[in-house]
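The block underneath contains the structure these notes are about, expressed in structure tokens.
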Amino acid sequence: MKYLAILLTAFILTACSTTSKYPHYSVSDAAQTSIKSQNGLRSTLNFKVEGIGHLKGNKEWYLNALHNYKLPSNVTVVIKEKLAPQLSDKFNIKSLNELKNKEIEVYGLVKREKIYFYNKGLSTGKFYYQNHIQLTDIEQIKLLN
């Protein structure tokens, strides 16, 4: 009985941990693989947040691995605005802007997305690509410092 209790405790602790489900890759390797693959790459990335964006109209936050978010070697973590309060509580911050220059670990599917340019609300027909990880659960991300 004692061993069963220890085993159950270990199982519960393991199940509740936030360890990543996917192998670690560098940001550049994940971005390059995402560019070459239609299916993307399930990966865990560690990086310093170099840039943060917020579009109220899209109701999303963006955490960029590189200062220039348009570079093909960048990966952007896309966070729906509804998750922002939960992340602020988790990291004990007032705004996601405070994550700039912080080291994070995030896991998920790095996938290439087409981004269109707009002028006065209308698509110009021009576009570029970004590599995104969609954050759907706050357990996908953690602060490293």
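The values are calculated or read from the model by the stated rules, or taken from the named source; none is laboratory data. Computed from a predicted structure; not experimentally measured. So basically every Cβ, Gly included, is an ideal-geometry build from the backbone, and we count neighbours across all protein chains shown. The area values use the complete protein model at the heavy-atom level, side chains included, leaving out ligands, DNA and RNA. Shrake-Rupley method; radii C 1.70, N 1.55, O 1.52, S 1.80 Å.
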With all protein chains modelled, accessible area of ARG42 [1.4 Å, Å²]: 130 Å²
Surrounding net charge for THR136, when Lys and Arg each add one and Asp and Glu each subtract one, Cβ distance under 11 Å: 0
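Nearest 5 is fine: what % of DSSP beta bridges in the chain come out antiparallel, could you say?
On the way: 30 of 36 bridges.
Bridges in the chain that DSSP calls antiparallel: roughly 85 percent.
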Greater than 24 Å apart at Cα, pairs in LYS36/LYS120; LYS36/LYS126; LYS36/LYS90; LYS21/LYS126: LYS36/LYS120; LYS36/LYS90; LYS21/LYS126
Residue-span extension gain [ILE35 to GLN134] - 0.36 nm each, minus C-alpha spacing: 34.0 nm
Among LEU87, LEU109, LEU55, residue whose mean-square fluctuation peaks in a GNM of the chain (springs only between Cα atoms under 10 Å): LEU55
Per residue accessible area of the chain, 1.4 Å probe, in Å²: 64 Å²
Along each principal axis, Cα extent of the chain, largest first, Å: 68, 36, 24
Region 73-143 - Rg (one decimal) and Dmax (whole number), Cα, Å: 14.4, 41
Segments 138-144, 76-82 sorted - mean Cβ within 10 Å per residue, highest first: 76-82, 138-144
Exposure ranking of LYS114, LYS126, LYS120 by accessible area [1.4 Å probe, largest first]: LYS120, LYS126, LYS114
Accessible area of TYR116 in the full protein assembly, 1.4 Å probe (Å², nearest 10): 100 Å²
Within the accessible area of the chain (1.4 Å probe), percent carbon and sulfur: 55 percent
Cα-based helix-to-principal-axis angle, 27-36 vs the chain, degrees rounded to 10: 60 degrees
